[in-house]
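Peer 1: One structure coming up, written as structure tokens, with questions to follow.
The values are calculated or read from the model by the stated rules, or taken from the named source; none is laboratory data. The structure displayed is predicted, hence computed values, not measured ones. All Cβ positions, even for glycine, are placed from backbone atoms using ideal geometry, and neighbour counts span all protein chains on display. Surface accessibility is based on the protein's heavy atoms, side chains included, excluding ligands, DNA and RNA. Shrake-Rupley method; radii C 1.70, N 1.55, O 1.52, S 1.80 Å.
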Amino acid sequence: MSWTDKELGMDRPITRRDFMNGAAMAIAAAVTPHSGLFAQAVPGPQDRPGYDPPAAHGLRGSHPGAFEVAHSLRDGTFWSHAGQPESTGETYDLIVVGGGISGLSSARFFHAHAGKSARVLILENHDDFGGHAKRNEFQIDKTFMLGYGGTYSIESPAPYSPVAKQVVRDLGIDVSSYAKDNNSRLYPSLGLKEKIFFDKETFGADCLVVSPSQRHGSKSWQEFESKAPLTEKSKADLKRLLTLNEDLLPGLSSQQKKAKLARISYADYLLKMVKVDPQVVAMLDPDQKPLYGVGIDAVSAQDAWGLGMPGFDGLKLAPGPGPGMGRDANRSEEAEKYFFHFPDGNSSIARLLVRSQIPEAVPGHTAEDIVTSQVRYDQLDQPGNPTRIRLNSTVVRVRHLGDPATAKEVEVSYVRNGRLYTAKASHCILACWHPVIPYLNDELPKAQIAALRSAEKVPLVYTNVALRNWQSFIKLQTSSVSAPGSYFTGYALDHRVSIGNYHCTTKPDEPIVLTMERYPCSPGLPARAQHRAGRADLYATSFETFERKIREQLARSMGAGGFDPAHDIAAITVNRWPHGYAYQYNSLWDPFWLEGGPLPCVEARKPFGRLAIANADADAYAYTDCAINQAYRAVNDLKITA
Ligand SMILES: Cc1cc2nc3c(=O)[nH]c(=O)nc-3n(C[C@H](O)[C@H](O)[C@H](O)COP(=O)(O)OP(=O)(O)OC[C@H]3O[C@@H](n4cnc5c(N)ncnc54)[C@H](O)[C@@H]3O)c2cc1C
């Protein structure tokens, strides 16, 4: 069935504005062609009344206005139009490039080393702080709702380090209290289950079917078998795969088997060794995307085994690690228990980090009231504060004033409101994305530059759709859907978490936030090339295209439950992250991951003169604890004492 724009509601008056309130002028300046980059002088947008980025809808994440300057730097067109920089006359003890969790943590650790009165400036190119930890707000009639635009929760496959745990504790977060905040029984009590949406283009028919996961028992398998639009062979192969207990690599030791699995993709393992129908591979393809941003053609079979994917029982692999650094099947009980989801994701952590350094900017005192606290953006960059955060500021150059071995200062140049400024500092921490750093500094050794460049970023999209009600989910008995062939590879109603004065809705006739995930990639290419292709795709996709895809996909998959995209969708926020997760090493493409040898991230994060390097990229591990750990290490690298 095809839908007209009217049926989809493309003409409906949802709030689809970009952030045009306070930041309009900044965006206009930044999107001006290169020759106009420096044409306008506008005071800091964050200081104006009404500046409130979390309330903006439309294209967020890497929003218009955030990346154009950096791209002109990358393209080599920046400096020819840059003109003379203006000195701000400011001198700091530390300038931090990047206001994500790593940058905010760097400022915090620096104060612990250098003293509370040390002067720190954080420069961030986006219109909000937090980096990937992004807050989305919705006001739908009388209902205020939060969504996570990026970093979703406190969680990590390995236990948080003592340093990261201490930060979480000091910020007042009691991870063990999550069970009381989360109404985890609600969806099961309403009979909602995980489902799969098979689309016509990939599987021959549009069909929403219960997931055949063993958790639902044999009844769900029967339902799946009778309804899924798969061929009889595919269904038989899937059934065989789910119960497979055959040793497909006889005569090899567990280590030898794992070494083989580390060198083939899970897709190849399924197709060539288990010999399942390609439909089965297509169905399982999305399962690892939330972790790696690529499908199972680019995830090793060893990692798939470690993650508990089906098909390996008969190999009787020893659960421990090795060879190499691929996933093992041992779960850390401690890590699994350490989980906390704020309604705005880890944006609450970013906001708590800011509160701990600039209390006037984030009113309140507890990790409960942080959820409803409204940030006073005009307090972020006040001259009297030891920590200042300057938003909408893209750093374009960081250099030592003199020989890096002996220099006492660095100069940092940044563009804000279309104007080029400089500020000085005794130290600089680069907490931004590693592939950006070689464009900012030409003093670093060649090997380090190559290592920084090798840190690919993983593109992904978290789209938050504010729904007026979720009756259709009740009728179709689902709260989360995997959609293997569709534009968004999955979507889910958010956890029902109430914290402090934030009370999430619980009734199906009340509004709710639905999060839809997309992982743009190019199956068949090496992982890094897939990420580059995905990034290009994201920058080329307009909000209108996203909106149409959202409406179509929900109409097709939920229409049988009465979902009406024209009526039910109240607002849309597309958080696109062309520079998303830190790239995590993969035995299919990174030989050192299997065979040993120096890790590029270790070379990349070496301190140099008065520079230190943080960010989750510094340990090639896309988790919040890594961002904190690497900030701690970077501050230590500066060798500061109070
Ligand atoms: C969609 C998504 C979901 C995620 N979910 C989770 C999760 O549930 N749990 C988890 O633990 N981790 C998650 N992560 C991983 C997350 O990246 C880390 O947890 C952590 O937040 C990374 O922090 P960071 O400060 O290292 O990097 P970032 O958050 O990327 O911050 C770096 C900042 O530097 C800025 N910057 C770059 N260049 C410049 C420049 N030239 N000038 C000024 N500023 C610059 C960037 O714009 C960015 O804001 C998720 C990531 C994404 C993208």
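Peer 1: How high is the relative contact order of segment 560-627? Use alpha-carbon pairs under 8 Å, at least six apart in sequence, and give a whole percent.
Peer 2: 27 percent
Peer 1: Say the cut-off is 31 Å between C-alpha atoms; which of Lys260/Lys289; Lys134/Lys258; Lys116/Lys424; Lys6/Lys507 go over it?
Peer 2: Lys134/Lys258
Peer 1: So how far, in whole Å, is the C-alpha centre of segment 327-352 from the one of segment 374-413?
Peer 2: Here the answer is 31 Å between Cα centres.
Peer 1: Taking amide hydrogens as modeled 1.01 Å from N in the peptide plane, which residues meet the under 5 Å criterion relative to Arg60, leaving out close sequence neighbours?
Peer 2: Close amide H contacts, sequence-distant or interchain: Val574, Asn575, Arg576.
Peer 1: Express in % the proportion of alpha carbon pairs of segment 479-560 at distances exceeding 15 Å.
Peer 2: 68 percent
Peer 1: Counting just the Cα atoms, what span does segment 139-254 cover along each of its three principal axes? Round to the nearest Å and put the largest first.
Peer 2: 55, 55, 28
Peer 1: Ok, one more. Using only Cα atoms, figure out Rg for segment 349-404 and give it as a multiple of 2.2 N^0.38 Å.
Peer 2: In units of the globular-protein estimate, segment 349-404 measures up at 1.46.
Peer 1: Using only the alpha-carbon atoms, how far is helix 543-558 inclined from the longest principal axis of the chain? Give it as 0 to 90 degrees, nearest 10.
Peer 2: For helix 543-558, the angle is close to 30 degrees.
Peer 1: Here's another thing I want to ask about it. Positive end of the dipole of segment 393-451, charges at C-beta (+1 Lys, Arg; -1 Asp, Glu), about the Cα centre: which of Pro438, Ala423, Leu401 has its Cα farthest in that direction?
Peer 2: Among Pro438, Ala423, Leu401, the one farthest towards the positive end of the dipole of segment 393-451 is Ala423.
Peer 1: Further question on the same structure: For every helix of n ≥ 4 consecutive DSSP H residues, a contribution of -39,500 (n - 2.57) applies; sum these over the chain, divide by its total residues, and give [θ] at 222 nm rounded to the nearest 500 deg cm²/dmol.
Peer 2: After summing the helix terms and dividing by the residues of the chain, the value is -8000 deg cm²/dmol.
Peer 1: Additional query: Measure off, as a whole percent, the carbon and sulfur share of the 1.4 Å-probe accessible area of the chain, all protein chains present.
Peer 2: The value for the chain is 53 percent carbon and sulfur by accessible area.
Peer 1: For segment 244-296, report the accessible area per residue in Å² (1.4 Å probe, heavy atoms, rounded to an integer).
Peer 2: Each residue of segment 244-296 exposes 41 Å² on average to a 1.4 Å probe.
Peer 1: Counting alpha carbon pairs within less than 8 Å and at least 6 residues apart, what relative contact order, in whole percent, applies to segment 243-401?
Peer 2: 18 percent
Peer 1: What share of Cα pairs, in percent, lie more than 49 angstrom apart in the chain?
Peer 2: Counting every Cα pair in the chain, those more than 49 Å apart make up 12 percent.
Peer 1: Read phi for every residue in segment 253-268 and hand back ³J(HN,Hα) as whole Hz from Karplus 6.51 cos²θ - 1.76 cosθ + 1.60, θ = phi - 60°, with x for Gly and Pro.
Peer 2: So the Karplus estimates, Gly and Pro as x, are 6, 4, 5, 5, 5, 4, 4, 5, 5, 5, 9, 10, 6, 5, 4, 5 Hz.
Peer 1: So, one more: Between helix 527-540 and the chain, what is the angle of the helix's C-alpha long axis to the longest principal axis, kept within 0 to 90° and rounded to the nearest 10?
Peer 2: Approximately 70 degrees, to the nearest ten.
Peer 1: So, one more: Gly293's amide H: which non-local residues (gap 5+, or another chain) put their own amide H closer than 5 Å, with H modeled 1.01 Å from N in plane and none for Pro or chain starts?
Peer 2: Close amide H contacts, sequence-distant or interchain: none at all.
Peer 1: Now for a separate question. Can you give the angle from 0 to 90° between the axis of helix 624-637 and the longest principal axis of the chain, with both taken from C-alpha atoms, to the nearest 10?
Peer 2: Tilt of helix 624-637: around 30 degrees.
Peer 1: Could I ask something else about it? Place +1 on the Cβ of every Lys and Arg and -1 on the Cβ of every Asp and Glu in the chain, take the dipole about the Cα centre, and give the residue among Ala335, Phe129, Tyr148 whose Cα lies farthest towards its positive end.
Peer 2: Ala335
Peer 1: Oh, and also: Enter the mean projected area of the convex hull around the alpha-carbon atoms of segment 561-642, in nm², rounded to one decimal.
Peer 2: Reported value for the Cα convex hull: 10.7 nm².
Peer 1: Going by accessible area, probe 1.4 Å, with all protein chains left in place, what is the ranking of Met325, Met273, Met558, largest first?
Peer 2: Highest to lowest solvent-accessible surface, that is Met325, Met273, Met558.
Peer 1: Roll a 1.4 Å probe over the protein heavy atoms and report the accessible area of Phe339 in Å², nearest 10.
Peer 2: 50 Å²
Peer 1: Continuing with this model, one more query. Which value, in debye to the nearest 20, gives the size of the charge dipole of the chain about its Cα centre, when Lys and Arg are +1 and Asp and Glu are -1 at the Cβ?
Peer 2: 460 debye
Peer 1: Provide the solvent-accessible area of Asp247, counting protein heavy atoms only and rolling a 1.4 Å probe, rounded to the nearest 10 Å².
Peer 2: Asp247 has an accessible surface of roughly 60 Å² with all protein chains in place.
Peer 1: Here's another thing I want to ask about it. Kindly report, to the nearest 10 Å², the accessible surface of Arg532 as traced by a 1.4 Å probe over protein heavy atoms only.
Peer 2: Arg532 exposes around 120 Å² with every protein chain in place.
Peer 1: Using alpha-carbon pairs under 8 Å, 6+ residues apart, how would you state the relative contact order of the chain in percent?
Peer 2: 23 percent
Peer 1: If you average 1/r over every pair of different alpha-carbon atoms in segment 150-200 and take one over that average, what Kirkwood value in Å do you get?
Peer 2: Every distinct Cα pair counted, the radius reaches 14.4 Å.
Peer 1: Something else: Working with all protein chains in place, sort Asp277, Asp11, Asp537 by solvent-accessible area computed with a 1.4 Å probe, largest first.
Peer 2: Largest accessible area first, the list is Asp11, Asp537, Asp277.
Peer 1: Something else about it: Using θ = phi - 60° and the Karplus form 6.51 cos²θ - 1.76 cosθ + 1.60, what ³J(HN,Hα) does each residue of segment 117-122 get, whole Hz, x for Gly and Pro?
Peer 2: Whole-Hz 3J(HN,Hα) from phi for segment 117-122: 8, 4, 9, 10, 10, 10.
Peer 1: I need the Kirkwood Rh of segment 220-352: take the reciprocal of the average 1/r across all distinct C-alpha pairs and report it in angstrom.
Peer 2: Across segment 220-352, the inverse of the average 1/r is 16.5 Å.
Peer 1: Accessible area per residue for segment 458-565 in Å², computed with a 1.4 Å probe and the full protein assembly in place, what is it?
Peer 2: 32 Å²
Peer 1: Please report how far the C-alpha centroid of segment 166-220 lies from that of segment 520-539, rounded to the nearest whole angstrom.
Peer 2: Result: 28 Å between the Cα centres.
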